[in-house]
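Q: Structure incoming, see below.
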């Protein structure tokens, strides 16, 4: 088991093993996203309270979920890198940070767009929006640190430490922001507590969430393979691989 | 005292050295030679354990860590000579009594400078403050990166005398230098690049 | 323990020999505070309303400004290398340095608080609570900030980066501390907030040195 783990940890083995995966992954994730979007946009009945604007939910909620679990994945990779010094984990961390930041940005933008018709303003200092904003800053911090440090090995470990510190803080931040919001909460309609959803709304959402995850993994995966090639560009196997193309 | 097996190091995808094997016994002086950028400093940092990005084995058979003098002197310029000495001794758990202090200061020709902040000393004097750890601490192995640069003739004389003494006591020294080392003791070399 | 006191006195000495580096964040704090009335307007009602927020944001920024210098000179002159080699605990070093830093950069902020409170037209209750919250939180700020300082110590211009890395982590204490002051102003009980802030302080006291010393080890590994 450990041996297998170690072998998979070698960038070369990983690259060779996974060379035929991404067309499948890409097709599956895009298929799911298209199906989910069509279902959500065309067939789901409008909400009795929010009307058609509720359809933004199908874009926003998966992005918001993914924004957080993306950070968890980054911190997981960071932990693996710190403990076992597996280079592949560092590469995975490098590959996932900009991806997580963009999905968080998407969550923020869609949240704002959803806010306009429901709350009447583009931005509300709602607990969820605020903690997502802080999460976005955490991603930016990791990316800024990575780009500021020159030595790859050092940059990787520094970013790993920062990600782990961030993940320890994340629940505290989330809790405090929730609490802050209830303290200042104006007496108005809130989205923080969703009404129980009927099945016909819930199922397409599930499809969208799975589609988002798959798409995220696919792009992560492609970026990771790219990162492997960049970092190992001076090795024999990469040169042969490039020559064969 | 030190055994190095198959030591390799690659930085920024450029191999610095590979498959170095050597050993240092007590009473032995090892000089690392090589052109600028050939990895002398990196090798020494690998040996003392500051740089960990190497492959291979570095095996010390010592009770306490080797003393190391790098490019950075480890001397705080806003603190006085005395305060710096106290700090360096404290780091290695050496108690600095007035006898040891007086002896060290006189050997380093820094008497009367006790209370002068190191920032106001000359380059050579600061270097001598940095060398003080080799007088204060009884550690058996010294690792010195370019110890002979920026040092005057008297300082050189003093340093080589102290090095010979240390070797005779059964200590060992690993140093990097462009110049030949004027120490009249058995010398082995590792050349890089 | 001996190493803790040795590092602490050494740091205090270094700081007192270069007083401007220590005083600059305090001056910065005062200047930022005095800019707010110019921006918002001099009305006492408005100022006292936003005073806790102003004070807290200024305190966070001032701490981070001085944080950048925590390990820098030790890194630049090679002292840090010597500590790593000597085998002394970097966690002890971190705690000693943070404590020394807090004594000269955090504590004066607390002492300045009555003046700042008066200038911003806070009520007496509010001023005391503000000072108390700052006393409880400023060690946390220094501890968490030391992680950022250690991560960026090898970078030539790490100052701004520290702010980007660390400010998001300050969100919880900012929220708790301002809420505490507002609770005091509205006349309610603040002991709950005190326990919370203490809990956060203990948590950062236990965890921050771990991350900081790992980052310091990393900084000399080149």
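Q: For region C:134-205 and region B:133-193, what is the separation of their Cα centres, given in Å?
A: Cα centroid to Cα centroid, the span is 49 Å.
Q: Using a 10 Å cut-off around each Cβ, can you sort A:153, B:165 from fewest to most neighbouring Cβ atoms?
A: Working: A:153 17, B:165 10.
Fewest-to-most Cβ neighbours within 10 Å comes out as B:165, A:153.
Q: Report, to the nearest 10°, how far helix C:2-17 tilts away from the longest principal axis of the Cα atoms in chain C, using its own Cα long axis and a range of 0 to 90°.
A: Tilt of helix C:2-17: around 60 degrees.
Q: Roughly how large, in nm² to one decimal, is the mean projection of the convex hull of the alpha-carbon atoms in region A:1-146? All intermediate terms of the calculation are to be shown ahead of the outcome.
A: On the way: hull surface 44.5 nm².
Seen from a random direction, the Cα hull of region A:1-146 projects 11.1 nm² on average.
Q: Here is a follow-up. Using Cα pairs closer than 8 Å and at least 6 residues apart in sequence, work out the relative contact order for chain C, in percent.
A: Numbers: 245 pairs, mean separation 58.8, N = 222.
The value is 26 percent.
Q: On C-alpha positions alone, give me the angle between the axis of helix B:153-168 and the longest principal axis of chain B, in degrees, nearest 10.
A: 60
Q: How far is it, in nm, from the label point at residue B:35 to the one at residue C:125 when both lie 7 Å from their Cα along the line to the Cβ?
A: 7.8
Q: Once you've got the GNM for chain A with C-alpha springs shorter than 10 Å, pick whichever of A:177, A:207, A:230 has the biggest mean-square fluctuation.
A: Result: A:230 has the largest fluctuation of those listed.
Q: Classify chain B: rounded, prolate or oblate, from the alpha-carbon gyration tensor (a ≥ b ≥ c, eigenvalue square roots; a/c under 1.5 rounded; otherwise prolate if a/b is larger than b/c)?
A: Prolate.
Q: Continuing with the same structure: Suppose R0 equals 25 Å. What FRET efficiency, 1/(1 + (r/R0)^6) with r the Cβ-Cβ distance, do residue B:150 and residue B:103 give to the nearest 0.05? Before the final figure, lay out the partial values.
A: Details: r = 24 Å, r/R0 = 0.95.
Using R0 = 25 Å, I get an efficiency of 0.55.
Q: Further question on the same structure: Roughly what would the spin-label model give for residue A:236 and residue B:10, points 7 Å off Cα along C-beta, in nm?
A: Label at residue A:236, label at residue B:10, 1.2 nm between them.
Q: Is the shape of region C:111-222 best called rounded, prolate or oblate, per the rule: a/c under 1.5 gives rounded, else a/b larger than b/c gives prolate, else oblate, with a ≥ b ≥ c the square roots of the Cα gyration tensor eigenvalues? Mind dumping the intermediate values first?
A: Numbers: a/c = 3.28, a/b = 2.06, b/c = 1.59.
Prolate is the answer for region C:111-222, as a/c is 1.5 or above and a/b outweighs b/c.
Q: Sorted by packing (mean other beta-carbon atoms within 10 Å per residue), highest first, where do A:61-68, A:43-50 land?
A: Working: A:61-68: 21.4, A:43-50: 12.5.
Ranked from most to least packed, the peptides come out as A:61-68, A:43-50.
Q: Counting only Cα, what are the radius of gyration and maximum Cα-Cα distance Dmax of the protein assembly as shown, in Å?
A: 29.5, 96
Q: Taking a point 7 angstrom from the Cα of residue C:205 along the C-beta vector, which residues in region C:113-139 have backbone N less than 19 Å away?
A: Residues C:132-139 fall inside that zone.
Q: 7 Å from Cα along Cα→Cβ at both residue B:187 and residue B:111: what's the point-to-point distance in nm?
A: Those two pseudo-labels are separated by 3.2 nm.
Q: Another one. Give the average, rounded to an integer, of partner chain Cβ atoms located within 10 angstrom of each Cβ in A:137-147.
A: Working: counts 6, 4, 1, 3, 11, 2, 1, 5, 9, 0, 1.
Other-chain Cβ atoms within 10 Å of each residue's Cβ, averaged: 4.
Q: Continuing with the same structure: Using Cα-Cα distances under 8 Å and only pairs 6 or more residues apart, what relative contact order does region B:1-136 have, in percent?
A: Values: 158 pairs, mean separation 31.7, N = 136.
Relative contact order here is 23 percent.
Q: Now for a separate question. Note down the relative contact order for chain A as a percent, whole number, built from C-alpha pairs under 8 angstrom at least six residues apart.
A: Details: 236 pairs, mean separation 77.7, N = 245.
Here the relative contact order equals 32 percent.
Q: Right, next: On a 0 to 90° scale, report how tilted helix C:90-101 is relative to the longest principal axis of chain C, with both axes built from alpha carbons and the result rounded to the nearest 10.
A: Once rounded, one gets 40 degrees.
Q: Compute for region B:38-140: radius of gyration divided by Kirkwood radius, i.e. Rg/Rh, restricted to C-alpha atoms, rounded to two decimals.
A: Working: Rg = 15.2 Å, Rh = 14.9 Å.
Result: Rg/Rh = 1.02.
Q: Rg/Rh for region C:2-220: what does it come to with C-alpha atoms and Rh from Kirkwood?
A: Numbers: Rg = 17.7 Å, Rh = 17.8 Å.
For region C:2-220, the value is 0.99.
Q: Over all residues in C:1-12, what is the mean tally of Cβ atoms on other chains that come within 10 Å of each residue's Cβ?
A: Details: counts 0, 2, 3, 0, 1, 5, 3, 0, 3, 7, 1, 0.
The per-residue average across the peptide is 2.
Q: Add -39500 (n - 2.57) for each DSSP H run of 4 or more in chain C, then divide by its residues: what number comes out at 222 nm, to the nearest 500 deg cm²/dmol?
A: Numbers: 11 runs with 181 residues, N = 222.
Estimated from H runs of four or more residues: -27000 deg cm²/dmol.
Q: Just checking the output field for A:148-157: average partner chain Cβ neighbours within 10 Å of each residue's Cβ?
A: 5
Q: Another question about this same structure. For C:101, C:217, what's the fewest-to-most ordering of other Cβ within 10 Å of each Cβ? If you can, show how the numbers build up before the last one.
A: Numbers: C:101 26, C:217 17.
Ascending Cβ contact count within 10 Å gives the list C:217, C:101.
Q: Between residue A:182 and residue A:49, 0.36 nm times their residue separation minus their Cα-Cα distance comes to what? Kindly include the intermediate steps, with their values, before the conclusion.
A: On the way: separation 133, 0.36 × 133 = 47.88 nm, distance 2.31 nm.
Stretched fully, the residue A:182-residue A:49 segment lengthens by 45.6 nm.
Q: Ranked by Cβ crowding within 10 angstrom, fewest neighbours first, how are A:222, C:67 ordered?
A: On the way: A:222 15, C:67 29.
Ranked by crowding around the Cβ, least crowded first: A:222, C:67.
Q: Report, in deg cm²/dmol and to the nearest 500, the calculated mean residue ellipticity at 222 nm for chain B, where each DSSP H run with n ≥ 4 adds -39500 (n - 2.57) and the sum is divided by the residue count. Before the final figure, lay out the partial values.
A: Values: 5 runs with 60 residues, N = 193.
My calculation for chain B gives -9500 deg cm²/dmol from helical runs alone.
Q: To continue, here is another question. Between region B:83-118 and region B:34-65, what is the C-alpha centre distance in whole Å?
A: 28
Q: Something else: Could you check which residue among A:83, A:142, A:209 shows the biggest mean-square fluctuation in a GNM of chain A with a 10 Å Cα cutoff?
A: Comparing A:83, A:142, A:209 in a Gaussian network model of chain A, the most mobile one is A:83.
Q: When the helix-only estimate is applied to chain A (DSSP H runs of n ≥ 4, each -39,500 (n - 2.57), divided by the residue count), what is the mean residue ellipticity at 222 nm, nearest 500 deg cm²/dmol? Can you show the working numbers first?
A: Details: 9 runs with 190 residues, N = 245.
Mean residue ellipticity at 222 nm (helix-derived): -27000 deg cm²/dmol.
Q: Mind checking the full-extension length gain between residue A:175 and residue A:222? Use 0.36 nm per residue of separation minus the Cα-Cα distance, one decimal, nm.
A: Working: separation 47, 0.36 × 47 = 16.92 nm, distance 3.44 nm.
13.5 nm is the gain from fully extending residue A:175 to residue A:222.
Read the figures in this text as sums done on the coordinates, not as results from a lab. Source: prediction; values computed, not measured. Virtual Cβ from ideal backbone geometry, glycine too; neighbours counted across all protein chains shown.
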